[in-house]
Structure formats: structure tokens, C-alpha cells
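Here is the structure we will look at.
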Amino acid sequence: MSAQAQGGGDVPPLLELSAVSKSFGGVAAIKDVDFRLFEGEIHGLIGENGAGKSTSMKVIAGVHSDYDGVMRVGGRQVRFRNARDALDAGIGMVHQELSTVPDLSVAENVFLGQQPLTRFGTVDWRRINREARRLIASLGLDIDPTTTMGALPVGIQQLVELSRVLFSGARIIILDEPTSALSPPEVKRLFDVLRKIRADGRGIVFISHFLDDVLEISDSVTVFRNGRTVASGPATGLSKDEMISSMIGRGSIGMHMGESAELASDDSKPVVMEAEAIGDGKMLRDVSLKLRAGEITGVYGFMGCGQIEFARAAFGKIPLQQGRILVDGEEISFRSTADAKSRGIAFVPENRSMMLFRSEPIYKNVSIAILERIHRLLLKPDAERSITKTHIDDLQIKTQGADMELGSLSGGNQQKVALAKWLTHLPKVLILSEPTRGMDVGAKEDVIRIIKKLRDQGVAILVLSSEPETILTLADRVTVLRKGVVAKEFSSGVLHKADLLSAA
Amino acid sequence: MQEAGETKAGGLKAVLTDQLRNIAPVFTLMVLVIFFSAASPSFFTADNFMNILSQVSITAIIAVGLTFVILTAEIDLSVAAIANAVGITLAYFTLQPEYVNIANLPLNGVIAIVLTLATAVVFGLVTAFGVTWIGIPSFIMTLAMMQIANGVSALLVRGQIAYNYPDLITTLGTESVFGIRWTIIVAVLFLAAGHFVLKYTRYGRYIYMTGGNREAAEYSGVNVKFIIGSVLVIGAVCSGVAGMLAVAYFGSAQQNQFDTYLLDAIAAVVVGGTSLFGGRGGIGNTIVGLLVLGVLNNGLDHIQIDSFLKILIRGLILLSALIINVYAQRLREKG
């Protein structure tokens, strides 16, 4: 198979990109990308977040039409103007976020938007159900096509979406992170289906962070780094370590900020908060974690690994379905975020807009979390303003004053306001989800400095992120989550980015 | 920094955008007053002015509670039905003449008033429970409560009419002091108290912030369920007080006598410029809204106009207020 993937002298590739580049506002997202997909091939695509995988796939799927370079489908040069063109050329995509309609039946989902009609112009239900049954059975699955989609497990829903793509006649199928939400038996079933599709002579692009999965299913692998394709070749004989070093760049280990870090955990520090085998009944299972005063605990994992849910469970935003949470050794069950706050727990979610009031002045944004400390009953806006003024100076928030509307601030400065909410009276535990995501370098450094200062002041800090650099820059100890369970824990020695990628 | 500068540079236009919801109702009020003053000599008089105040006083008390509810981006459709049920409950606890053949449990006046107020609180608690604990959208929950309150009214009066109330309520509902009706004084007290709570207390700030961005309030450790539940109780209590005064004001307690009050109270809040999406507006807006409605209703009686057309005109005024309300919100979100 790899011979076919590599050879191809007489058979033109199903899909070929030659020196494709695309930039956004002068910044190159991908540069000189070369990529070839052959008939009957499963081609793994790996690389870190922002390495250029998504941009390349968007070019292929017709989302971006203004790129440099050449794309060929079946040997013919093409340039898609929109997603419709790509579909017509036989390119189908299954996204990480499924686009199925949960309230419709399986058959309706398969035929979504292209239902066959009877002579009278009504929907031909008999044919829809018959055809859907046939199509699903051809993938080796046994599902009643009249079942409601939402009642099926995610793994099956994904296969139904895949069969919709197949039904639409796609010869080139792009799968984006198809295994991130699947359990091991579901992954196995997906792979069985993919092998069947491959046997039909179709080509599959398999994008994933899960390198073991890539190694197991792919015939060839292409690695992206910094917007370029840095390696491409047969999967046979390739090791996970080779893939990782190619993803993060050989020789650069330890040279840049966030490439590696010396962990400085200290078991003698008191445990302030403890999660014991907690789960939310969906994403999260049996996760245990200890947060210590004066220490930053990092939780690393790919998007969808359960870190979002963990943070919310620890702040009383979503209820626990299993396990328990202890604060200062005492078991606590949070009925609301107000409960968590009164226990000294603070949370800054990954999306700033979730905790900020855009059209209110900065001082009201800062004071909302501490109103009860400022005044018993009546408001004292001047006290709120002066507290806010202090934070603006301390955190170097760039604004004309505490009365400016929050929406007038830049993203990084908004993030500082989100932090400032919890800094007037130091919390016992500070939970930060993606604290530096999407920030410019200057603001990022400011935020990192603030977080470390809080750690030194004795706050127990939990940082959750899907960016290895964030974790390596901040954490004193690290827990790696993988599909909702703890995959690995690091508490001492030098931790490399490669260790995180390999454990997740 | 740059963006902050832009906001300032916007100058007059920015201020107008920001204040559209406050300016439009005042402007409407002025236009209506000028129009009716020109159209009818009997309109612009001190007597008629007191008339208007008296006519909106009951609506005003209901509207205070409704302002709280709408500021949190919820709605209460049961306010008028609860006012009706509470007014009838008051009659139930007061000795009625023998010829009035209704359910009756005569009590001491003060006890009757306290028990009746407790009834209003219970209505509010049931709504709050349904909305915050069970998670029924307030629109549907209060629709059910409207029906339930109407059912309570129906069971208590059974198509009859009651006439007697505790002395205190009769005084407040029918008499004046220094030439000002007590209902106006009570309404002003409620408006003042509502304004004070919303603008100067922590609880009021939580109401605005919850309405402005519920998720952010929750992530800031505000007990959002408590805030929403409590405004629904406040809404029911305001309705209850209005209902008690109104039965005395009307001189009778019977089924369906509050039918126009639901629309009037919602209209007063919305016409005044309080955002249906929560977080913007307040009692000041509600006062202007009440006056717009009062002037409109009263003024249309002063000019010769088809009384059936009046209903249509009120509907059109409400529609324009809704358009401005939604438009003002959109302008803000853009800006």
C-alpha cells in the first residue's frame, strides 16, 4: 500500500497540492505546502495547533479560494470558488463538531438536504429508509434508520455523518479529529469502517492529535510545522517519537520559552482543594487532583479532553455525577457558583466574554465579585472606583479610567480585568482556563507575571490549557488528561513539550 | 487605548446612540402633551393632571415590580391576574354584606391584610420555584400562573361581587390627603423605593448585572437563581398591593376586573425604555412610560375620537416603542 502511495508514476494522485501558500493580512498561515493523496490511501496529517493543518484543509474544501500555488484533483488543475465547488468535485469533510441534527432520524440525517421525492413531490420515506439502511449496512453497521439521531452515542452519530458524506459521492474524505470523543472500542469500529472505505478506492485524510491512532490507521503521514509541510512519507516503520520531534522541530528542544521546564512541585505544601475521582456523567471520569497552596498545577490535554468540564465542576457551575470535592479537607457540595466563591474559589473561563459585562464600566466589572466586601447594603461607587484604579495601575491595564466601558479595551486588557475581579481579596484557589490564549506577547508576559506573583503569595492555582507552552511556562506540576481521564502526572524533573504531546 | 479614543471621538452621535432608549420616551411624552393641549382646552389643567396621576397609580405599583423582572431579562405575564386574585382574597378575609353570597372568612382587618399579602408572596414563590428550580421559561411559567390566579379568583367569588375591605385599605384606595389621592402617594412611595433599591443597593446592582450578562454574573459568583427568584416574588408582591388598593379604588372585587392592567404595565415599562433584553433602564424610564400611557389614555378621552380607534392607537404606540427598544439594543451592541 505504501508503495502505491509513494509511487504513483502512472496513476495521478487523487488530490495534489503543489507549493500552496495562503496568508491573512500579510501573515502567512501556510507556505509552500506540498501534499499528495492517492486512491485507496489513508493519509495521516499531524502538527501542533496553528501549524497549518486547518488552513490547508480549508483550501482543499473550498473555504479559502485566494491562495497561491496549484491544486489538482485526479490530475486536473482546479480552483474552488466555494465549498459547493469542492463538494461537486467529490471532496467531503467530517468536522470535529458534528453537524448532524439530533431531533431527526438517522435516515433523515443521511439524506439531509437531498431527500428523494415521489412523483407527487412528497418525501419518499420508503426509499429514504431503505437506502439509508443499505448504506449503513455496507459500512458493516447495524442501526435502525428510523432511530432518532440524538439517542445514539457520539461514535455512531459520527459514522452516520460519514455515511452522509459517502452518500453525497465524495471520493476524498477529510476527517478532522475523528477519534477525540471516542472510546477505544468506538475507535476500533471507526477504523474498520475507514478500511472498508479505503478498499473502495477512495482517499481519506485523517487529521489528529492522537499519534497512536494516526500510526495505527494511516498508510502515509504528513507533518506540518509553522505553516509548512516538514515531512511526508509512509507510516510503516515510523515511531511516535519521530513524529513528535518532527512536529516540534529537531534540535530546538529546550531552546525556546515553553519548550521545556523544570518542575518545582513541593509535596510539603498544604493541600487546599482536592478532587476525588470526580466525573460529570458525560466527558469526565474518575479525575483526581490535588491543589496545593503556593503552587501552580497545570492540566494539559487536547481540546475536548475534559479540562473545560473539570474547571466548571470545581467552581460549582456543573454538578458532579460522581466523586467528591474537598476544600481544606472538608467535603463540599456546591449548589451554585456563589457557594464556590464563598469558599474562596475563583474562576476565569477560557472565553473572556463569559465573565465580563461589555457595556458596563470597568469598575462595575471589577467590583461585581467583591461587592459584599465593599459594602453591606448600600453601594459605594467611589470605593469601587478606587479599588479598580489600584488594579489598573498594578496590572498596567491600558485605559483612560475606571469609568470607561469594558468593550473599549483590547483583548489582553480585558483578560487583565477578568483577573482583577479576583485579586482585591486573594482567593484560596484560582482556576484559570486558557489564561493566555489569543493574547499578544506583551499582554501574555504580563499575565504570566501576575499569575506567578499570586502563586508566590500563597494562592493555589490551577491552570488548564491545550497549549503545551502555557503549561510549561507556568506549572509546578502537571496532570495530563486524555478523553476525560487522567493519562499521566508529572511532578519533578525536566518536562519537555514532547512528553506532554506523547502523554495526551 | 485606540478603541477608547474612538468612543470619545464619536461625540454627539455616540451619546445619542447610548441614550436613545431614554430620549425617545421623553420626546414622545412631550409631543403627546403638546398635541392634546392644542386639541382640547380641558386637557392641560391641574385637575386633569391629578386625574392622570390617579389613573396610572395602580398600574404604577404593578409596573415597579415588573421593572425588576424585566431588568433581569425575564417576564411576568401573571401580574394582573395575581392583582385580581389578591384583591379578591382580601375580600374573602373581610366580612361581606349578607346579600353577597360568596366564600367568606372574616378576620380582623390587620390580620386580613397580612394574610392577603402572604398570598401574594406564595404566588411569587411558586413562580420563582418553577422558573429557577424546574427551569420553566418565565414566559410560559407566568402564563400558567396567570391561569392559576384566575382560577383562584373564580373559585373565591363564583361570579359574584364583593364590596367590603379592611378600613385601612378602603381609606388608601378611596380617600385623599391634602387633595392628593392616597393611591398616588402609595405609587410614588413604591416608585421611590424601587428606584432606591435598584440604583443604590448591592441587590440592585446584581439585578442589573444578571440582566446584562447572566453567564458573566454566574461566573462572578452571583447567585443568579436567587436574584431571578426574588425579583419574581417582588413582582408578585407589588401586584398584590396594587390589587388590594384597586378593589377599594374600584369599589368592588370581581373576576376579570384587571384585564387591561397586564398590557398597561408591560407597556409602561417597555415604552419607558427599559430593555426587554435586561440590564438597561430602570424606574426613571418606567415613570416616563407610565406618563406616556396615562396622557395617551386620558388625552384620547378629551378629544372627539372613535373609542374603538383608541385601542388601535394604543397598539401602534406600543409597537413603535418595541421597535425603538430593539433598535436601541442593536445600536448598543454594534457600538
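The values are calculated or read from the model by the stated rules, or taken from the named source; none is laboratory data. What you see is a predicted model, and the numbers here were worked out from it, not measured in a lab. Counting neighbours? That spans all protein chains shown, and the Cβs are built from the backbone with ideal geometry, glycine included. SASA here: full protein model, heavy atoms, side chains in, ligands and nucleic acids out. Shrake-Rupley method; radii C 1.70, N 1.55, O 1.52, S 1.80 Å.
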Going by alpha carbons, how many degrees (0 to 90, nearest 10) lie between the helix axis of A:154-167 and the longest principal axis of chain A?
40
Cross-link reach from A:LYS240 to lysines, straight Cα distance under 27 Å and at least 8 residues apart if same chain, gives A:LYS31, A:LYS53, A:LYS58, A:LYS188, A:LYS196, A:LYS483, A:LYS488, A:LYS497
Across all Cα atoms of the stretch B:21-334, Rg and the largest Cα-Cα distance (Dmax), in Å, are 19.5, 64
Quick query: amide H of A:SER218 versus all other amide H atoms, modeled in the peptide plane; which residues come in under 5 Å with a sequence gap of 5 or more or a different chain?
none
Can you tell me the relative contact order of chain A? Whole percent, Cα pairs under 8 Å, sequence separation 6 or more.
16
Shielding by other protein chains, B:200-213, mean Cβ within 10 Å
5
Highest GNM mean-square fluctuation, chain B, Cα pairs closer than 10 Å: which of B:VAL86, B:VAL269, B:VAL15?
B:VAL15
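In chain B, which whole DSSP H runs stretch at least 27 Å along their own axis (Cα) and average 1.0 or higher on the Kyte-Doolittle scale? Provide the component values of the computation, followed by the final result.
Numbers: long enough: B:11-39 (38 Å, 1.35); B:46-71 (34 Å, 1.62); B:109-128 (28 Å, 2.42); B:138-157 (28 Å, 1.65); B:224-250 (38 Å, 2.04); B:283-302 (28 Å, 1.06); B:307-334 (41 Å, 0.88).
Length and hydropathy pass: B:11-39, B:46-71, B:109-128, B:138-157, B:224-250, B:283-302.
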Using a 1.4 Å probe on the protein heavy atoms only, what accessible surface does A:THR146 show? Give it in Å² to the nearest 10.
80
Largest to smallest accessible area among B:THR260, A:THR399 [probe 1.4 Å]
B:THR260, A:THR399
Can you compute the modelled spin-label distance between A:THR390 and A:SER491, with each label point 7 Å from Cα toward Cβ, in nm?
3.6
Run the helix sum for chain B: -39,500 (n - 2.57) per DSSP H stretch of 4+ residues, divided by residue count, reported at 222 nm to the nearest 500 deg cm²/dmol.
-25000 deg cm²/dmol
Nearest-0.05 FRET efficiency for A:ASP267 and A:ASP339 at R0 = 35 Å, using Cβ-Cβ distance, is 0.75
How big is the accessible area of B:ASP264 in square angstrom, nearest 10, if you roll a 1.4 angstrom probe over the protein chains?
20
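In what sequence, highest mean first, do A:44-51, B:103-110, A:163-170 appear when ranked by Cβ atoms within 10 angstrom?
The peptides rank, most packed first, as A:44-51, A:163-170, B:103-110.
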Straight-distance crosslink candidates among aspartates and glutamates, where the alpha carbon sits under 20 Å from A:LYS380 and sequence neighbours closer than 8 are dropped:
A:GLU360, A:GLU372, A:ASP403, A:GLU405
Ranking by accessible area, most exposed first, for A:ARG437, A:ARG455, A:ARG335 with a 1.4 Å probe:
A:ARG335, A:ARG437, A:ARG455
Evaluate the distance, in nm, between pseudo-label points positioned 7 Å from the Cα of B:SER40 and of A:VAL441 along their respective Cα→Cβ axes.
7.4
3J(HN,Hα) from dihedral phi, the stretch A:49-62, Karplus parametrisation 6.51/-1.76/1.60, rounded to Hz, x for glycine, proline:
4, x, 7, x, 5, 5, 4, 4, 5, 5, 5, 4, 7, x
I'd like the mean, over residues of A:367-374, of how many other protein chain beta carbons sit within 10 Å of each residue's own Cβ.
5
Quick query: amide H of A:GLY69 versus all other amide H atoms, modeled in the peptide plane; which residues come in under 5 Å with a sequence gap of 5 or more or a different chain?
A:SER21
At 222 nm, what helix-only mean residue ellipticity would chain A give, in deg cm²/dmol to the nearest 500, using -39500 (n - 2.57) for each DSSP H run of four or more?
-9000 deg cm²/dmol
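What does the average come to when, for each residue of peptide A:415-427, you count the partner chain Cβ atoms lying within 10 Å of its Cβ? Don't skip to the end; give the middle numbers.
Working: counts 0, 0, 0, 3, 0, 0, 4, 2, 0, 0, 0, 0, 0.
Averaged over the peptide's residues, the number is 1.
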Given R₀ = 25 Å, FRET efficiency for A:THR118-A:SER138 by Cβ-Cβ distance, to 0.05?
0.55
Whole-Hz Karplus ³J(HN,Hα) for the stretch A:451-464, in order, using 6.51 cos²θ - 1.76 cosθ + 1.60 and θ = phi - 60°, x for Gly and Pro?
5, 5, 5, 4, 4, 5, 7, x, 6, 7, 10, 10, 10, 10
The relative contact order of chain B, taking Cα pairs under 8 Å that sit 6 or more residues apart, comes to a percentage of 33
When only Cα pairs under 8 Å and 6 or more residues apart are kept, what is the percent relative contact order across the stretch B:89-199?
30
Relative to the isolated chain, which residues of the stretch A:318-338 have their accessible area cut by 30 Å² or more in the presence of all protein chains (1.4 Å probe, heavy atoms, no ligands or nucleic acids)?
A:THR337, A:ALA338
Quick check: the distance between the Cα centres of the stretch A:306-378 and the stretch A:457-495, to the nearest angstrom?
21
Heavy-atom accessible area ranking, 1.4 Å probe, most first, across B:SER40, A:SER99, A:SER492
A:SER492, A:SER99, B:SER40
Interchain or sequence-distant (5+) residues whose placed amide H lies within less than 5 Å of the amide H of A:ARG482 are A:ALA487
Considering the options A:ALA314, A:ALA475, A:MET355, tell which one lies farthest towards the positive end of the dipole of chain A, charges being +1 on Lys and Arg and -1 on Asp and Glu at the Cβ, about the Cα centre.
A:MET355
Can you work out the accessible area per residue across chain A, with the rest of the protein chains kept in place, probe 1.4 Å, in square angstrom?
42
Report, to the nearest 10°, how far helix A:184-199 tilts away from the longest principal axis of the Cα atoms in chain A, using its own Cα long axis and a range of 0 to 90°.
30
